Amino acid sequence: MFFLQLQQAALEVFAENNVLSKLQLGQLASMESSVFDDMINLLERLKLDMLTRQVDHVFREVKDAAKLYKKERWLSLPSQSEQAVMSLSSSACPLLLTLRDRLLQLEQQLCFSLFRVLWQLLVEKLDVYIYQEIILANHFNEGGAAQLQFDMTRNLFPLFSHYCKRPENYFKHVKEACIVLNLNVGSALLLKDVLQSASEHVPPTAALNEIGVYKLAQQDVEILLNLRTNWPNTGK
């Protein structure tokens, strides 16, 4: 700040005496702009660092609350036809309650622009975590796949509907994994055949897009198909 005050005083003195040329005035103005740019860049770095630390703190709490959900027996859950009404997994309650409470708290404490950055950073980490640590780490029967989809689409995604119109679009890994795991058996068998016959010259992009998969790669979808247990006894 002292440097800026000194620079401004010098500009005023030289301007009164017509000492500085236009080039010199421009150079001084450039120096002033550079000083402010550095300060703004520093502020942006500090802001991002603080937001990242806050996101990491909340994410650790959410992961701790998700321990029971990670141990859910996805392989042996009853099918939808065996249940009168689908309901949220009891093991998901600590996860969702922790997430809800922290979002409400941070929304009150932060200004709108900072909170928007924070929840999007949090969702990005949460999407990858659920996909890698819960979905890819388990196998799913028909009932397990349906329960996962219900928990995600009817309970997790709506937590963020207050902040955006289509929260599922921020959970691309989870959303598309649920699509693959919940394909009916005929469609899943057909997709498996398409993927097996795909080549570098005939990629399966169109087939994947047709079922709503845009983010996941072919190899990811093949892994997900192999996590399904509800295959007919045909060796597939």
Query raised in the report: Of all residues in the range 49-84, how many are β-branched (Val, Ile, Thr) and either touching a Pro at 6+ places or on another chain (Cβ under 6 Å) or at pLDDT below 95 (or both)?
Result: 1
Query raised in the report: For the range 223-236, which residues satisfy the criterion of being at negative phi and in a loop (DSSP other than H, G, I, E, B)?
Result: Thr229, Asn230, Trp231, Pro232, Asn233, Thr234, Lys236
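Just name the residue that is farthest from Leu136 (Cα to Cα) out of those in the range 195-222 that are in a loop (DSSP other than H, G, I, E, B) and hydrophobic (A, V, I, L, M, F, W, C).
Just the residues of the range 195-222 that are in a loop (DSSP other than H, G, I, E, B), to begin with: 198-204, 211-217.
Next cut, hydrophobic (A, V, I, L, M, F, W, C) only: 198, 202, 211, 213, 216-217.
Details: Ala198: 23, Val202: 27, Ile211: 20, Val213: 17, Leu216: 13, Ala217: 14 Å.
Only one residue fits best here, namely Val202.
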Requested in this report: Determine which single condition Gln108 fails, assuming it passes every other condition in (1) assigned to a helix (DSSP H, G or I); (2) within 21 Å of Lys70 (Cβ to Cβ).
Outcome: (2)
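For the structure I just gave you, tell me whether Tyr163 is of a type in the set (Phe, Trp, Tyr), more than 30 Å from Asp101 (Cβ to Cβ) and modelled with pLDDT of 95 or more.
Values: of a type in the set (Phe, Trp, Tyr): yes; more than 30 Å from Asp101 (Cβ to Cβ): no; modelled with pLDDT of 95 or more: yes.
No.
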Report task. Report yes if some residue within the range 133-148 is free of Cβ contacts under 8 Å to residues at least 60 places away in the same chain and assigned to a helix (DSSP H, G or I); otherwise report no. Result -> no
Query - Qualifying positions in the range 176-211 - exposed (fewer than 12 other Cβ atoms within 10 Å of the Cβ) and closer than 18 Å to Leu148 by Cα - result: Asn184
Report task. Pairs only if they're at least six apart or on different chains, beta carbon under 8 angstrom, first in the range 169-181 and on the phi < 0 side of the Ramachandran plot, second charged (D, E, K, R) and in a helix (DSSP H, G or I); list them, first residue then second. Result -> Asn169/Lys175; Tyr170/Glu124; Tyr170/Asp127; Phe171/Asp127; Lys172/Asp127; His173/Asp127; Val174/Asp127; Lys175/Glu168
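Suppose we filter Phe112, Phe157 for residues that are touching a helix residue (DSSP H, G or I) at 6+ places or on another chain (Cβ under 6 Å) and without any contact (Cβ under 8 Å) to a residue 40 or more places away in the chain; which single one remains?
Values: Phe112 fails: touching a helix residue (DSSP H, G or I) at 6+ places or on another chain (Cβ under 6 Å).
Going through Phe112, Phe157 in turn, just one is touching a helix residue (DSSP H, G or I) at 6+ places or on another chain (Cβ under 6 Å) and without any contact (Cβ under 8 Å) to a residue 40 or more places away in the chain: Phe157.
The values are calculated or read from the model by the stated rules, or taken from the named source; none is laboratory data. These numbers were taken from a predicted model, which means no experiment stands behind them. Note that each Cβ is placed from the backbone with ideal geometry, even for glycine, and that neighbours are counted across all protein chains shown.
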